[in-house]
1. Out of the residues in the range 57-103 that are of a type in the set (Val, Ile, Thr) and closer than 17 Å to residue 32 by Cα, which is nearest to the chain's Cα centre (by Cα)?
2. Is it the case that residue 67 is under 18 Å from residue 209 (Cβ atoms) and at pLDDT 95 or above?
3. I'd like to know if the range 38-52 contains one or more residues that are in a loop (DSSP other than H, G, I, E, B), among the hydroxyl-bearing types (Ser, Thr, Tyr) and out of contact with any Lys or Arg (no Cβ under 6 Å at 6 or more places or on another chain).
4. Here are some conditions: (1) surrounded by fewer than 13 Cβ atoms within 10 Å (Cβ to Cβ); (2) modelled with pLDDT of 95 or more; (3) under 19 Å from residue 202 (Cα atoms). Residue 38 meets all but one. Which one does it not meet?
5. Quick check on my filter: what residues within the range 61-91 are in contact with a helix residue (DSSP H, G or I) (Cβ under 6 Å, 6 or more places away or on another chain) and more than 22 Å from residue 27 (Cβ to Cβ)?
6. Take residue 173 and decide whether it is out of contact with any Phe, Trp or Tyr (no Cβ under 9 Å at 6 or more places or on another chain), modelled with pLDDT of 95 or more and either part of a helix (DSSP H, G or I) or more than 23 Å from residue 27 (Cβ to Cβ) (or both).
7. Is it true that residue 197 is more than 22 Å from residue 57 (Cα to Cα), within 15 Å of the chain's Cα centre (by Cα) and either at pLDDT 95 or above or not in a helix (DSSP H, G or I) (or both)?
8. If you go through the range 148-163 one residue at a time, do you hit one that is in contact (Cβ under 8 Å) with a residue 12 or more places away in the chain, farther than 25 Å from residue 37 by Cα and within 15 Å of the chain's Cα centre (by Cα)?
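The values are calculated or read from the model by the stated rules, or taken from the named source; none is laboratory data. As the structure is a prediction and not an experimental result, all values here were calculated from the model. Backbone-built Cβ (ideal geometry, glycine too); neighbour counts: all protein chains shown.
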Amino acid sequence: MNVATMTTSQVADDRIGFLGKTYGMLALCIAAGSIGAYMSMGFAFPQEHPFMMLFVMIGGIFLVQGVRHIPGINFIALLAFGAITGMAISPLVGMVAAKSGTLVTQAFMTTAVAFVSLTAYTFISRRDFSFLKGFVWTGLIAMIVLGLSNYFFFESPLLSLSLSGIGVLLFSAFILYDTSNILRDYPNDEYISAALTLYLDVFLLFQHVLAMFGMLGGDD
């Protein structure tokens with residue numbers, strides 16, 4: 001009985017440790033992204049080469065995943081990836097900030113409240129959101145196709161606004177889906193991968209909230 005109790009307690013402690021590392025790494029990655037965006041404000045490269053920044057970010061995802069089990073290097077790679085995403089989003093941040101000084105703060109706070117609320121709901125309800133898998137991945141593919149079509153062909157402000165609104169809903173669903181998977185399926189040594197997954201959800205949610213606020217918000 002005592003051995004079983006100790007074993008159960010150890011399992012629970014290990015899981016709590018995993019979650020603590022995951023959300024600690026997530027917080028540090030968000031901080032790195034914020035610093036990266038601030039430090040690169042005014043840089044021409046991210047604005048002039050958006051697709052190159054996209055390829056760099058995709059490569060960064062694979063790099064972080066590849067070194068996720070190497071102590072020290074995995075931490076540096078995750079923070080470097082956060083800084084790169086901050087650099088990539090800095091043109092959008094600068095554009096929205098120039099339009100209205102409060103919109104960026106409002107977008108950040110909206111994203112934070114949404115993330116905390118969705119995370120708390122998943123933790124408290126203990127629901128399995130794996131049923132969202134088909135919806136979120138199909139939605140992501142549709143968003144990419146429509147986004148590229150609008151960028152190269154349509155250039156429609158209305159479609160851009162619609163895609164931003166859909167993106168907010170889609171990445172909110174991704175937070176539910178990924179948080180549920182992390183709670184249920186991720187091994188305890190995959191905290192870097194878990195933090196990276198959640199960071200991508202938060203980053204993309206913020207990007208779409210910011211874009212939507214920028215299109216709807218007025219000038220100061």
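1. 85
2. Taking the combined requirement at face value, the residue does not satisfy it.
3. There is at least one residue in the range 38-52 that is in a loop (DSSP other than H, G, I, E, B), among the hydroxyl-bearing types (Ser, Thr, Tyr) and out of contact with any Lys or Arg (no Cβ under 6 Å at 6 or more places or on another chain).
4. (2)
5. Answer for the range 61-91, where residues must be in contact with a helix residue (DSSP H, G or I) (Cβ under 6 Å, 6 or more places away or on another chain) and more than 22 Å from residue 27 (Cβ to Cβ): just 91.
6. Judged against the criteria, residue 173 is not a match.
7. no
8. Checked against the condition, which is being in contact (Cβ under 8 Å) with a residue 12 or more places away in the chain, farther than 25 Å from residue 37 by Cα and within 15 Å of the chain's Cα centre (by Cα), the range 148-163 yields no hits at all.
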